[in-house]
There are 2 protein chains.
Amino acid sequence: MSEVESFFKSAFSVDNVIFGFDGGDLKVLLIQRGAAPFRGKWALPGDLVYPNEDLDTAAERVLEQLTGLRGVYLEQVRTFGAVNRHPLGRVITIAYFSLIKVSDFALTPASFAQSAHWHSISSVGELAFDHNEILDICLQRLQRKVRNAPVGFELLPQKFTLTELQQLYESVLNLPKNKGLDKRNFRKKILSMNVLVECDEMQEGVAHRPAKLYQFDRERYDQFVAEGFSFDI
Amino acid sequence: MSEVESFFKSAFSVDNVIFGFDGGDLKVLLIQRGAAPFRGKWALPGDLVYPNEDLDTAAERVLEQLTGLRGVYLEQVRTFGAVNRHPLGRVITIAYFSLIKVSDFALTPASFAQSAHWHSISSVGELAFDHNEILDICLQRLQRKVRNAPVGFELLPQKFTLTELQQLYESVLNLPKNKGLDKRNFRKKILSMNVLVECDEMQEGVAHRPAKLYQFDRERYDQFVAEGFSFDI
DNA sequence: GGGTTTGGTGTAAAAAAAACAATAAGACTG
DNA sequence: CAGTCTTATTGTTTTTTTTACACCAAACCC
């Protein structure tokens, strides 16, 4: 038994399912493992939790090291702790998902070194460890969350069109494009919540009639929530 | 201490919020700590996870040692891992909640030794560690779950009256008795799901008109779910 | 200026939820 | 056994929410 192995009793890590929305598709940011075990395989970004680090802090650190982003949406989902989930010892992992605006994503030294790439959810292959299961559970959580909390906006630019918002929902919920949700009903519903404000700006650079841009108004949302409102789509 | 070593100076435990329903009230099973830290304080039952034990298995073990029950409803909720949550070292804990029928609860050696007692949710005092927070989060989870999955039945005897079922919901959701839910609408809704079957039996030993007894039909429920049905109250 | 593409809008029917109160059945009392 | 007490049981109406559905408008491109 190697020296490291002899110390290796149990540990905990965080793994982060980083979602993005680009090209009308829901994506997940994966890294290619450079070391054993599972060398060369795609995996969720994660790391062992430092002895003096809170779990949320560890998840934020993993996210920032890879994307350069701080203060983005992050939620703990579940802990995976099957005895044999890690080939080298007992490591349980606390799974998080985060939602980022792809346009904000900057290549960091870490992401470069770990060859981070966006993968369409629908075309993720076999991942290292139990990461397929983790991804699956996190996606289910996102699908529920997006329907009863205003988290979808975290995936869009600050200013967006209603069509983009609808496509986001169709993509996250895995509905057929432009058939899953009725355009008129969707707009009616989202606008009737009064949490979107029209910008004085139009979409630019498109080869057709440009759409109005909207923004999510968190203050109004918070106020409505305090009054008993609950977001629901 | 080497860096590698320090990663493994940590442990993980499970804590179990065991809910019961008795006397029209939602209860939680607590134990009184017999050793430091927090000696004498009420706490959630829990234990360190064995090196070769899955997390769910550990939660089942804690539950069985205390109540003698196996195969009851158990769900992982969240992991609590603040650096200083445990005064003696870095211990993160995976929180579970379980739902049991109070009438099935038998005093075990462990429950006797740990002076386990049912506490009304509304009158739980200050608990050891971060257990108040854990209880709170688990209760919130139960409140959501009971509304979109048929888990309420886990808290009732196999045969129950519709009034008991309604009181269970009012208690879990913390609604005023007989004012939170309209009796007629409640019965209409639950019966229209077709997942309850009438027993050929009536309530006994009550000093008034006895009510019909019903049972939850899980097979029917599973079939409906497969056909796209979703439970909602 | 005609073609192409997406943006934007309202109404009617159906379904679901909410509001609401009187009678029935059994147990107990005297 | 008649009367009282307590909880059980049952439907209808109104309101709200959800669904279904189709045409004209605006900008760009050629």
Any residue in region A:116-136 that's among the acidic types (Asp, Glu): show its pairings with residues that are in a helix (DSSP H, G or I) at Cβ separation under 9 Å, as long as the two are six or more apart or on different chains.
A:GLU126/A:ASN132
So which of B:THR79, B:THR57 is open to solvent by less than 40 Å² (accessible area, probe 1.4 Å) and of a type outside the set (A, V, I, L, M, F, W, C)?
B:THR79
From the residues in region B:204-233 that are within 12 Å of DNA strand D (Cβ to nearest atom), charged (D, E, K, R) and in a loop (DSSP other than H, G, I, E, B), which one is nearest to B:THR161 (Cα to Cα)?
B:ARG209
Would you call B:LEU135 open to solvent by 40 Å² or more (accessible area, probe 1.4 Å) and of a type in the set (A, V, I, L, M, F, W, C)?
no
List pairs: first in region A:175-203 and in a strand (DSSP E or B), second surrounded by 12 or more Cβ atoms within 10 Å (Cβ to Cβ) and of a type in the set (Asp, Glu), Cβ under 6 Å, 6+ apart or cross-chain?
A:VAL197/A:ASP217
Can you tell me which residue in region B:65-76 is farthest from A:ASN52 (Cα to Cα), limited to those that are open to solvent by 40 Å² or more (accessible area, probe 1.4 Å) and either part of a strand (DSSP E or B) or within 14 Å of chain A (Cβ to nearest Cβ) (or both)?
B:TYR73
In the list B:SER98, B:SER115, which residue meets the criterion of being outside any helix (DSSP H, G or I) and crowded, with 20+ Cβ neighbours inside 10 Å?
B:SER98
Are any residues in region B:39-48 in a loop (DSSP other than H, G, I, E, B) and under 20 Å from the mean Cα position of the chain (by Cα), and if so, which ones?
B:LEU44, B:PRO45
Name the residues in region A:193-225 that are within 11 Å of DNA strand C (Cβ to nearest atom), out of contact with any helix residue (DSSP H, G or I) (no Cβ under 9 Å at 6 or more places or on another chain) and either among the small types (Gly, Ala, Ser) or closer than 15 Å to A:ALA149 by Cβ (or both), would you?
A:ALA207
If we keep just the residues of region B:89-110 that are within 14 Å of chain A (Cβ to nearest Cβ) and out of contact with any Asp or Glu (no Cβ under 7 Å at 6 or more places or on another chain), which is nearest to B:ARG61 (Cα to Cα)?
B:ILE94
Quick check, is A:LYS212 closer than 27 Å to A:SER120 by Cβ and either touching a residue at least 24 places away in the same chain (Cβ under 8 Å) or touching a Gly at 6+ places or on another chain (Cβ under 7 Å) (or both)?
no
Considering every residue within region B:167-179, establish whether at least one is within 14 Å of DNA strand C (Cβ to nearest atom) and either on the phi > 0 side of the Ramachandran plot or in contact with a Ser or Thr (Cβ under 9 Å, 6 or more places away or on another chain) (or both).
yes
Taking A:LEU55 as the residue in question, decide whether it is in contact (Cβ under 8 Å) with a residue 24 or more places away in the chain and away from every other protein chain (no Cβ under 12 Å).
no
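The values are calculated or read from the model by the stated rules, or taken from the named source; none is laboratory data. Please read these numbers as outputs of a predicted model, since none were measured by experiment. So basically every Cβ, Gly included, is an ideal-geometry build from the backbone, and we count neighbours across all protein chains shown. For accessibility, only protein heavy atoms count, side chains too; no ligands or nucleic acids. Shrake-Rupley method; radii C 1.70, N 1.55, O 1.52, S 1.80 Å.
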